[in-house]
Structure formats: structure tokens, C-alpha cells
Amino acid sequence: MKAVRIFLKIIYVAMPLTIVMAFLWAPPAALLGDASRILYFHVPIAWVSFLAFVVSGILSILHLSGVKKQNGGLDEKAYHSAAIGFTFTIMTVITGSIWARISWGTFWNWDPRETSIVIILLIYIAYFSLQGALTDNEKRGRIGSTYLILAMVTLPFFVFLVPRLYPSLHPDPIINADKKIYLDDHMKLTLIVGILSFSILYCYLFDLMNRILVIRKKIEEYRETSN
Amino acid sequence: MKRAIKIITLCALITFTIFWQTMSPGRPSRSCCTIAVPGLSVFAQETVTPSQVALPDMGRTAESSTVLYQVMAVVLVIWLGLGLFLFLIDRRITRLEQSMPDKQGNGSK
Amino acid sequence: MVRDIIRNLRKDFRVEFRSRFALNVSIAFAVITTTALSLAAGGVPFSPRVQSMLLWLIIFFSAMNGLSHIFVREEDQGTSLFLRITASADSIFASKLIYNLAFMAIVLCVVTPLFMFFMQVTVRDAVYFAGSVAGGGLSIAASTTIMAAMVAKAGGKGSLFTIISFPVLLPVLWLSILSTASSIESAGHADYGTLIFLLAFSGFITAISFLLFRYVWQD
């Protein structure tokens, strides 16, 4: 545990390194030039929002199946992961629409990837509304976990659905443009470093929030025992 | 919490001044940038690989690389603020965790 | 268990139809919205796509008004504890689900002809239209039963039910809108795969809700 925490401190080096690599080391892309550098931020942020979503789902399943870990409180951890994921999802939408404006001219195109990120955003908003409405309820964790699992399992349906819907929507020939960007070695390495450093940032934030949770629980325990 | 707000407002001020400088086109660049740009541009030129498609107009490269450095500086400043905030929180949490097992009742901190 | 389900169903129908509160609210909402739209349209019919979108908007929000009532009423009247003691979670879920399906069927039977009358909808492919409306309604009712239980625990206030149902129902709505639009537009291009998808979705969601319901219902 301690070793992992010390490892997470590497973010203080990894993130500036990513920024410098993204702006200076990686070459500009063929079509978009320097504006393509947003790729090195947008892709890791989108990856983290997806990762946070999956982690909160897994924690919800573990919470409901009764697996007890350390202090319990897996539902709170799922909430923390969802909070981080929500922030990163909003950042994904913002960076994605800036990139869409630069490459395709419009801020929003409703292509499959954009649509799935909006679905995730809506699920997060609904989850937080539900948790907010259940603030003093002792069943808050279970109901929140149930909702997250339910919402999570409908997501693959949507992923299968969108290609079916796609012919009837406006055709977007540049849908996979970012795959077609010529990624030479420098760009690939920058992207990988970016993904790694943002994942470490997510783990660090998640760990900090969980530690605060543990401290809060201990304080409550002390308060109860002293009373 | 107040410290965090101070840090974030400081970062916002710095980013605002840098943006203010970059947004006005006819403005002569500040001395720090004129010193930094030649130094950094040497570094940048070393990383140009043969596989990269060269931008046709070399006259625009200098200006675009200036903007690039300024944007990078802004992002670094933002990260500096965020990193400082995280570091301070981490330190505070570590202190709380270390003092925790010694606490009797609800000790104040 | 079947006896429990039938007993609960009978009780639910009797209680709900005594005052018909939820049903009245849903249908009143649909009537008001349809007449307002028709008034705003001024007699000019919309394109099939727009008609389909408006139909599903009205169906969705009418459903949101009424479908949570079955659980919210239990919490308000204080009978949920009694229900928890006397019947198993599975039988409760089954009976509430069947009630919601019946509720949705009634709402659809009233709302759809009303809409067609006021908005001058001429359906080209009647079978596909009926299938898409029924399939969409089935999916909505199946998905929202467990969410109604969650919302009832949260107090059932405001539009919380709509907020939490929307992300889950988004694929259903999207697909239903498209299939209804194509059924209004032209005959013979029926894509029955979408109906099968809606059925599959309802079945899947019902199964998952069945598994998860006891975590919401029981202490």
C-alpha cells in the first residue's frame, strides 16, 4: 500500500513531462498542424473517464455482493470514482468539441463516440441526483450501487445499437479521422505517456479521496465512542 | 480551503496575463520570451524527424512556435497550481493519519 | 409465489383504480400537451420524423408522471413495511412489473389515437407502427419498475424519476422514434429487427432488475 502511494507521487514528474512532450517533442500532425496536440490530452482524459466509470461499476458490484474490504464503504469509493469520472467526462466533452470545431467545423456532430460519452455523462448526472436525494438515508449506498450497475449494463446495448442507427443519421465520413492521423513513433510514445500519466493522476485523486473517507470514518467512530 | 482558493486565483491571474499578452497581435514580445524562444527553438528543431511533413511557410513557423511555447507555459502553470493543491492536501492528510491513532475522543486539529 | 403475485396485483389494481390518480395525471398530461401542440401547429401537419419525436416525447413524459406512483404510494401510505414482511421481494417485483405494464398499455391505448387524431398522423405501415409503439412502451415499463422503487425510497420528489430513467431509456427512445417515423413515412420498409431489439432489451432489463430488486427493496 505504502509502495503504491509512493509510486503515485510520480505524477508530479509525469504530468509536466507529458505536457512538455505533447507540446515540444511530438511533431505536428500532417493535416491539422499544431492544433492536433489536443489529441495528447483529449484521448487520455477520455480514457480516464471510461476507466473511472468501469471502476465505480465494479466497486458497486462488489458492494452489493457483500465483499468486505478494509473499512467497507465500497459504495463511498464508487461515489468517489464516479465524481472523478464525471469531472473527466466533462473535460472530455469540452476538449472533444474544441477538437471537432478545429477539424470538422462544428462543435458537436453526434457521431457514435460523442454520443456514448454523452450517455455516460447523463448516467453520472442521474447517479449524483439520486445520491443527492438520498443524503440522509442509510440505504444510499445500496440504491446508488444498484442504479450504477443498471445503467452500466445498458451501455453495451447502446454500443451495439449505434451502428444500426447510423445509416439513418447524417453520414459522417470523417468519423474515424483520428485513427487515420499518421501516428509516428514520437506521437505514439507521447500518447502512451499521456495515458499513463493521466491514469496515475486518476489513481492519485482516487487514493486521496479514499484516505479522507477513512479519516472521516475514524473521527465518527471516536465521536461515537466518546459519547 | 482558503489556501487552495488563493493558489487557484493566482494561477488564474497568471494565465490571464499570458492570454492577454498573446491575444493582442501587435504587441512586442516580452524579454523573457525573446530569450526563451531562441533557446527552446534550438531544442525543438532537434526533434524534427524526417518523417514529419514540413510546414511550407517557414516564416510562420517562428510565430506559431512562440504561441506554442506560450500555450505550453499556460498549461504548465495550470498544472503547477493543481499539483501544489494536491501536494498540500496530501501533506495535510498524511499529518492527520499520523496523528489519528494517538487521538482520544475527538481531539481538535 | 404465484398466489402472492396475483394477490398483490389484485390489491394494486383495486387501490389504484379507486382513485385513478396516476392514470388521470398521465392521461391529462398527454391530452394537454397534444392539444397545445395541435394548437401551436395550427392545422399544418408536421413531417413524419417530427411527429414521431413528439409522440414519443409525450409518451415518455406521461409515463414519467405515472409509473413511479405504484411505489411512491406504498411509501406515502406507510404500507411498504407491511408489504416487505408479508411477501418476498421477487413476488413484489413481479406484481409491480405486471401492474406497470398494464398501466403503460392503457396509457398508450389512450395517448396514441389521441395524438393521431390531433396531429393528423397518417400511418402507412400500421402493423409496424403498432409494434414499435408497443415495443417501446414495454421497454419503458420494464426498465422503470426498479427505478420507481429507488425513487420511492428517495422520497419520490420532483423529477428525480425522469432524471434517472432517461439515460437507461435513451436507446429505447431513440430506436422507437426512428422505427415509428419510418412506419409513418412509408410502408414495406419495416425493419422488424428493431422490434426484436426492443423486446430483447426489455427482457434483459427485466432480468437484471429482478436480480437487483432485493437490494433496493429489503433492508
Next item on the list: Test each condition in (1) within 14 Å of chain B (Cβ to nearest Cβ); (2) surrounded by fewer than 20 Cβ atoms within 10 Å (Cβ to Cβ); (3) within 22 Å of B:V75 (Cβ to Cβ) for A:R5 and report the one that comes out false.
Entry: (3)
Check: Is it true that some residue in the stretch C:127-135 is more than 9 Å from chain A (Cβ to nearest Cβ), among the aromatic types (F, W, Y) and open to solvent by 30 Å² or more (accessible area, probe 1.4 Å)?
Finding: no
Note to self: Looking only at the stretch A:170-195, count every residue that is open to solvent by 60 Å² or more (accessible area, probe 1.4 Å), in a helix (DSSP H, G or I) and modelled with pLDDT under 85 and tell me the total.
What the structure shows: 3
Check: Any residue at all in the stretch A:44-51 that is free of Cβ contacts under 8 Å to residues at least 60 places away in the same chain and not small (G, A, S)?
Finding: no
Item checked: Residue pairs meeting the criteria (Cβ under 8 Å; at least 6 apart or on separate chains; first more than 10 Å from chain B (Cβ to nearest Cβ), in the stretch A:198-227; second outside any helix (DSSP H, G or I) and among the small types (G, A, S)) -> A:L213/A:G73; A:K217/A:G73
Checklist line | Inter-residue pairs, beta-carbon under 9 Å, first more than 13 Å from C:T145 (Cα to Cα) and in the stretch C:197-217, second aromatic (F, W, Y), 6+ apart | finding: C:F197/A:F157; C:F197/A:F160; C:A200/A:F157; C:F201/A:F157; C:F204/A:F157
Next item on the list: Please work out if C:I208 is more than 9 Å from chain A (Cβ to nearest Cβ) and surrounded by fewer than 22 Cβ atoms within 10 Å (Cβ to Cβ).
Entry: no
Next item on the list: Determine, yes or no, whether C:F201 is assigned to a helix (DSSP H, G or I), open to solvent by less than 60 Å² (accessible area, probe 1.4 Å), over 29 Å from A:G132 (Cα atoms) and within 9 Å of another protein chain (Cβ to nearest Cβ).
Entry: no
Check: Out of curiosity, is A:I102 assigned to a helix (DSSP H, G or I), farther than 22 Å from A:M152 by Cβ and in contact (Cβ under 8 Å) with a residue 60 or more places away in the chain?
Finding: yes
Check: For the stretch C:155-185, which residues satisfy the criterion of being free of Cβ contacts under 8 Å to residues at least 12 places away in the same chain, closer than 24 Å to A:M152 by Cβ and open to solvent by 10 Å² or more (accessible area, probe 1.4 Å)?
Finding: C:L160, C:I163, C:F166, C:L170, C:W174
Next item on the list: Could you tell me which of the residues C:A41, C:A63, C:A28 is without any contact (Cβ under 8 Å) to a residue 40 or more places away in the chain, out of contact with any Asp or Glu (no Cβ under 8 Å at 6 or more places or on another chain) and of a type in the set (A, V, I, L, M)?
Entry: C:A28
Item checked: Residues of the stretch A:134-164 satisfying the condition of being more than 7 Å from chain C (Cβ to nearest Cβ), surrounded by 17 or more Cβ atoms within 10 Å (Cβ to Cβ) and either touching a Pro at 6+ places or on another chain (Cβ under 8 Å) or charged (D, E, K, R) (or both) -> A:R140, A:V162
Check: In the stretch A:196-216, which residues are more than 19 Å from A:R5 (Cα to Cα) and open to solvent by less than 60 Å² (accessible area, probe 1.4 Å)?
Finding: none
Margin query: Can you pull out every residue in the stretch C:108-149 that is under 24 Å from C:V44 (Cβ atoms) and among the hydrophobic types (A, V, I, L, M, F, W, C)?
Written below: C:V111, C:L114, C:F115, C:M116, C:F117, C:F118, C:M119, C:V121, C:V123, C:A126, C:F129, C:V133
Item checked: Search result, residues across the stretch A:8-27 that are in a loop (DSSP other than H, G, I, E, B) and either surrounded by 20 or more Cβ atoms within 10 Å (Cβ to Cβ) or at pLDDT below 80 (or both) -> A:A26, A:P27
Item checked: The listed residue being crowded, with 24+ Cβ neighbours inside 10 Å and either part of a helix (DSSP H, G or I) or more than 10 Å from every other protein chain (Cβ to nearest Cβ) (or both), out of C:I140, C:I106 -> C:I140
Check: part of a helix (DSSP H, G or I) and surrounded by fewer than 20 Cβ atoms within 10 Å (Cβ to Cβ): does that describe A:I117?
Finding: yes
Checklist line | Single condition A:I123 does not satisfy, out of (1) more than 8 Å from chain C (Cβ to nearest Cβ); (2) touching a helix residue (DSSP H, G or I) at 6+ places or on another chain (Cβ under 9 Å) | finding: (1)
Notebook entry, point to check: Going by the conditions given, is C:N24 part of a helix (DSSP H, G or I) and surrounded by fewer than 14 Cβ atoms within 10 Å (Cβ to Cβ)?
Noted result: yes
Next item on the list: State which residue pairs qualify: first residue more than 8 Å from chain A (Cβ to nearest Cβ) and farther than 17 Å from A:F198 by Cβ and inside the stretch B:64-82, second residue outside any helix (DSSP H, G or I) and open to solvent by 50 Å² or more (accessible area, probe 1.4 Å) in any location, beta carbons under 8 Å apart, and separation of 6 or more residues or different chains.
Entry: B:T66/B:S29
Note to self: If I filter the stretch C:44-52 for residues that are outside any helix (DSSP H, G or I) and touching a Phe, Trp or Tyr at 6+ places or on another chain (Cβ under 9 Å), do I get at least one hit?
What the structure shows: no
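The values are calculated or read from the model by the stated rules, or taken from the named source; none is laboratory data. None of these values were measured; they are calculated from a predicted model. Using ideal geometry, Cβ is built from the backbone for each residue, glycine included, and neighbour counts are taken over all protein chains shown. Surface areas here come from the heavy atoms of the whole protein model, side chains and all, with no ligands, DNA or RNA. Shrake-Rupley method; radii C 1.70, N 1.55, O 1.52, S 1.80 Å.
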